[in-house]
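The values are calculated or read from the model by the stated rules, or taken from the named source; none is laboratory data. The structure presented is a predicted model; accordingly, all values stated were derived computationally and were not measured. Every residue, glycine as well, gets a Cβ built from its backbone with ideal geometry; the counts of neighbours run over all protein chains shown.
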Amino acid sequence: MRIVRHYEHGAPSVLRLEEVEKPQPGPGQVLIRAEAIGVTFAEVQRRQGIPIGGHAGLPGAPGGDVAGTVEALGEGVTGFAVGDRVVGDVDRDAYADYVVTGTDWLIKIPQDLDAAAATLLPSPAQTAYHAIKEAGRLRPGQSIVIDAASGGVGHLAVQIAKALGAGKVIATASTQAKLDFARELGADVTVNYTDEDWTDQILAATDGRGADIVLETVGGDVLLKSLGITAQFGTLVFYGSASGDIPDLPTLALSRMKNVAGFSLYAMLYNKQDAVAEGQRHLLDLIASGEVKPVVHDRLPLDEAVKAHELLEARAQLGKIVLVP
């Protein structure tokens with residue numbers, strides 16, 4: 001079977017397509033024939049040598065959200081059967097025709113759910129959902145700012161915030177095309193965060209008080225300025241750093257009764273399984289009803305993994321980039 005790996009850090013061109021033996025599931029694992037593989041920006045950073053999530057070791061074998069059909073069961077597996085359609089976050093060796101993964105965080109999906117769209121369920125949709133609901137504690141009618149609102153997580157966060165009752169959704173992005181995309185998905189206000197006065201625009205949209213919740217995943221100067229647009233008693237939810245820069249936060253800003261919440265999906269998966277299970281059910285319902293529509297920007301063959309990483313590095317996508325074996 002085919003698999004994508006890399007043996008050095010660097011540009012997308014370091015990715016290599018190899019032929020290897022088909023893996024076999026061990027105890028508690030399943031073998032999945034991949035139908036679609038969601039490409040994440042975290043793997044772009046790890047390929048560059050940035051230790052997002054604590055590791056960027058070599059040889060690199062990118063992970064991703066894999067949707068497909070169960071081909072074989074390892075010893076002791078219950079709750080799944082050969083032929084089930086599933087999707088899960090596979091932390092390594094995900095860019096492949098077949099993948100092996102545990103069942104703890106595996107999600108059964110309907111037979112009629114498009115595999116590429118399903119790849120948004122494990123990481124992107126759950127990150128958006130729980131960052132808003134668990135970390136941000138959104139209440140109906142509250143305002144929310146969503147940075148990088150056209151990306152894999154951001155475009156879902158816009159829709160999920162609306163579905164959970166947000167009063168005003170303010171989407172930020174770096175181009176007019178991305179802002180138009182966010183507005184089509186339900187954003188009430190759009191702001192280009194490359195404008196010098198982008199924070200003033202957001203304050204104006206919130207009558208000067210700032211937003212009740214700010215979802216921030218850019219880092220660097222955007223993170224620091226996001227504190228200024230967080231309302232008193234509001235919450236800044238930091239869930240990633242696309243820039244690779246995580247600055248120290250000024251304590252003076254925090255002393256103005258502003259909250260900063262860090263968010264990690266893995267912390268949710270390990271410690272709040274009931275909330276995760278409920279979130280999965282709710283997300284499937286929202287997708288089935290059409291309230292949340294996962295958007296796939298491009299479906300690329302497995303042997304075009306280099307192009308997939310190039311698109312993500314260029315911040316060129318509207319929605320999700322997916323590899324299709």
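Criterion first (out of contact with any helix residue (DSSP H, G or I) (no Cβ under 8 Å at 6 or more places or on another chain) and under 14 Å from Ser143 (Cα atoms)) does Ile202 satisfy it? Spelling it out, Ile202 is indeed out of contact with any helix residue (DSSP H, G or I) (no Cβ under 8 Å at 6 or more places or on another chain) and under 14 Å from Ser143 (Cα atoms). Sub-6 Å Cβ pairs linking a first residue in segment 205-221 that is in contact (Cβ under 8 Å) with a residue 60 or more places away in the chain and in a loop (DSSP other than H, G, I, E, B) to a second residue that is surrounded by fewer than 20 Cβ atoms within 10 Å (Cβ to Cβ) and not aromatic (Phe, Trp, Tyr), at least 6 apart or interchain, are Val218/Ser243, ordered by first then second residue. Reported count of residues in segment 298-317, each being surrounded by 21 or more Cβ atoms within 10 Å (Cβ to Cβ) and either modelled with pLDDT of 90 or more or at positive phi (or both), is 4. Is it true that some residue in segment 94-110 is part of a helix (DSSP H, G or I), over 21 Å from Gln280 (Cα atoms), assigned by TED's automatic domain parsing to the domain that holds Glu18 and of a type outside the set (Phe, Trp, Tyr)? No: zero hits. The set of residues in segment 232-278 that are β-branched (Val, Ile, Thr) and either assigned to a strand (DSSP E or B) or modelled with pLDDT under 80 (or both) comprises Thr235, Val237, Ile246, Thr251, Val260. Restricting attention to segment 24-70, the residues being assigned to a strand (DSSP E or B) and crowded, with 18+ Cβ neighbours inside 10 Å number 16. In segment 91-100 there is no residue that is touching a Phe, Trp or Tyr at 6+ places or on another chain (Cβ under 9 Å) and of a type outside the set (A, V, I, L, M).
Taken as a whole, segment 185-198 holds at least one residue that is under 21 Å from Ser150 (Cα atoms), part of a helix (DSSP H, G or I) and at pLDDT 85 or above.
In segment 140-155, what residues are under 9 Å from the mean Cα position of the chain (by Cα) and more than 12 Å from Ala171 (Cβ to Cβ)? The answer is Gly152, Val153. For segment 199-224, what are the residues that are within 14 Å of Asp147 (Cβ to Cβ) and surrounded by fewer than 17 Cβ atoms within 10 Å (Cβ to Cβ)? Within segment 199-224, Gly220, Asp221, Leu224 meet the criteria. Among the numbered conditions (1) at negative phi; (2) surrounded by fewer than 24 Cβ atoms within 10 Å (Cβ to Cβ), the only one that Leu156 does not meet is (2). When Val70, Val77, Val100, Val66 are checked against the criterion of being more than 14 Å from Pro25 (Cα to Cα), modelled with pLDDT of 95 or more and either hydrophobic (A, V, I, L, M, F, W, C) or under 18 Å from the mean Cα position of the chain (by Cα) (or both), Val66 stands alone in meeting it. Within segment 12-26, is there a residue that is of a type in the set (Gly, Ala, Ser), under 18 Å from Pro325 (Cα atoms) and either assigned by TED's automatic domain parsing to the domain that holds Gly154 or out of contact with any Gly (no Cβ under 7 Å at 6 or more places or on another chain) (or both)? Checked segment 12-26: no residue is of a type in the set (Gly, Ala, Ser), under 18 Å from Pro325 (Cα atoms) and either assigned by TED's automatic domain parsing to the domain that holds Gly154 or out of contact with any Gly (no Cβ under 7 Å at 6 or more places or on another chain) (or both).
Selection of segment 164-184 for residues being surrounded by fewer than 19 Cβ atoms within 10 Å (Cβ to Cβ) and in a helix (DSSP H, G or I) yields Gln176, Ala177, Asp180, Arg183, Glu184.
You will find that of Ala117, Ala81, the residue that is more than 22 Å from Gly262 (Cα to Cα) and assigned to a helix (DSSP H, G or I) is Ala117 and no other. Out of everything in segment 280-297 that is surrounded by fewer than 21 Cβ atoms within 10 Å (Cβ to Cβ) and part of a helix (DSSP H, G or I), what residue ends up being nearest to the chain's Cα centre (by Cα)? Per the criteria, the residue is Gln280.
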